[in-house]
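S.K.: Here's a structure for you.
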Amino acid sequence: MSSVASDGVIHRRTWRTRDQDEYAIVEWVGWYDHRRLHTAIGDVPPVEHETAHCRSIYTPAPTGAG
């Protein structure tokens, strides 16, 4: 939550309801994790980098005993 506030998401607007406030936070987190390009990890979104990392370390079990 502190990152959301420090980036100005909360401070830029006045929310009429708590639901509007919560929706703005959820929307911001979605952008931050799924669409924001992160230069330290090759200009890809964090979730894309994490998915690629998990796939690179996952070794599927062999199918069938040959």
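Rule-based calculations on the coordinates, nothing more; no lab input. Note that the structure is a prediction, hence the values are computed from the model and not measured.
S.K.: If amide H atoms are built 1.01 Å from N in the plane of the peptide, which residues on other chains or at least 5 residues away come under 5 Å of the amide H of residue 44?
M.R.: 38
S.K.: How much length is gained if the chain between residue 20 and residue 41 is pulled fully straight, taking 0.36 nm per residue apart and subtracting their Cα-Cα distance, in nm to one decimal?
M.R.: Taking residue 20 through residue 41 to full extension adds about 4.3 nm, to one decimal.
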